[in-house]
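Below is one structure, written out as structure tokens; the observations come after it.
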Amino acid sequence: MLATLITTLALTLGSVPIPQDPSAATCRSIDGKVSCGYKCLSDGQRVRCAQTLQGHCQVIDGQAVCFDPPAHVRKAYGDALPKPECQSVDGAVACGYNCVTQPGRVKCAQSPAGVCRSRGGELECFDPSAVVFAVYGKDTPRAECHSNAVESTCGYNCMKSAEGMRCARTPAGICKVAGSKVTCFDPPPAALCAWKRELPTPQCKNSERGPVCGYACATAFTQSACAATPDGVCKVFDSEVHCFDPPAEQKADTACLAALGLAALDGAAP
């Protein structure tokens, strides 16, 4: 009697599935096709696995799909990284953030601060560059998008003129309107890594070819020029403006530069 009870109990316990640790990598196979990673899911025909712990897998519209936010985005948000979403339209599937759809098409941003919009039959997404996440972390401001019947543009501190709308690529950037022309300027990544959120606001000056923006700007007659960093200098010699910028990398934060290197491994722009 006791032996029978022990045998029955053992068989019962053996039939209970062991919960999978979501933090542990694993491999799964279906019909001879193997996939390895995290949070693996199957749609009955294939297995898909995220390649990072912060990745997201989902079965949607009969398809198993996974999405991994870029490395520099994961580093910026850490445990505060919002959960991505997946959307499906007429069999087309995409995952990410702030997704937009059209009949038969779907597109998503790669980061929570990214934006997507539908214009003229096209789906467009914009994500801040890697240095923005390196400087602002999980507080990275969400970009904005503007469009008209001709064009669409996304970014920061956008300005509009008769020739159209333009946006800076970073929150530290600036756009200036003069007449019908819009000029935008963004400090180089090394400068952002050096001064970070304390980076001074660039200035803009008018020139015969339109506004020019940057630092320590100087003008000679109708010509103006600016340095690219706060440490830069501009001087007038023989009716011409000459500017020079010391290497900002020398005073840049090493962790910020490392984040740019991490993004470069992913193929992302600095």
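The values are calculated or read from the model by the stated rules, or taken from the named source; none is laboratory data. This structure is a prediction, so every number in the text was calculated from the model and none was measured. Positions of Cβ are backbone-derived with ideal geometry, glycine not excepted, and every protein chain shown enters the neighbour counts. Please note that ligands, DNA and RNA were not included when accessible areas were found on the heavy atoms of the full protein model with its side chains. Shrake-Rupley method; radii C 1.70, N 1.55, O 1.52, S 1.80 Å.
Accessible surface computed residue by residue for region 57-197, with neighbouring protein chains in place and a 1.4 Å probe, gives 43 Å² per residue. All C-alpha pair distances within region 27-121, sorted into 10 Å bins from zero, spread as 17, 42, 31, 9, 0 percent across the bins. Ranking Y97, Y136 by solvent-accessible area of protein heavy atoms (1.4 Å probe, all protein chains present), from largest to smallest, gives Y136, Y97. Only protein heavy atoms count here; under a 1.4 Å probe, E198 has an accessible surface of about 150 Å².
Look at the alpha carbon pairs under 8 Å that are at least 6 residues apart: their mean separation over the length of the chain gives a relative contact order of 10 percent. Relative to the longest principal axis of the Cα atoms of the chain, the long axis of helix 2-15 lies at roughly 30 degrees.
Each other residue within a Cβ distance under 14 Å of T101 adds +1 if Lys or Arg and -1 if Asp or Glu, for a net charge of -1.
For percent of Cα pairs over 34 Å apart, one of (i) 38; (ii) 14; (iii) 32 was computed from the structure I shared and the rest are decoys. Which label? Computed from the coordinates, percent of Cα pairs over 34 Å apart corresponds to (i).
The accessible area of V212, taken with all protein chains in place and a 1.4 Å probe, comes to roughly 40 Å². T52 sits among other residues whose Cβ lies under 9 Å from its own Cβ, and their net charge, with Lys and Arg +1 and Asp and Glu -1, is 0. Taking the 1.4 Å solvent-accessible surface of the chain as the whole, the part contributed by carbon and sulfur is 53%.
Within the shell defined by Cβ-Cβ distances under 15 Å, the residues around E163 carry a net charge of +4, with Lys and Arg each +1 and Asp and Glu each -1.
Dimensions of region 63-217 along the principal axes, based on C-alpha atoms and rounded to the nearest Å, stand at 56, 38, 16, largest first.
Checking the table K176/K196; K75/K176; K39/K138 against a 31 Å threshold on Cα-Cα, which pairs fail?
K75/K176
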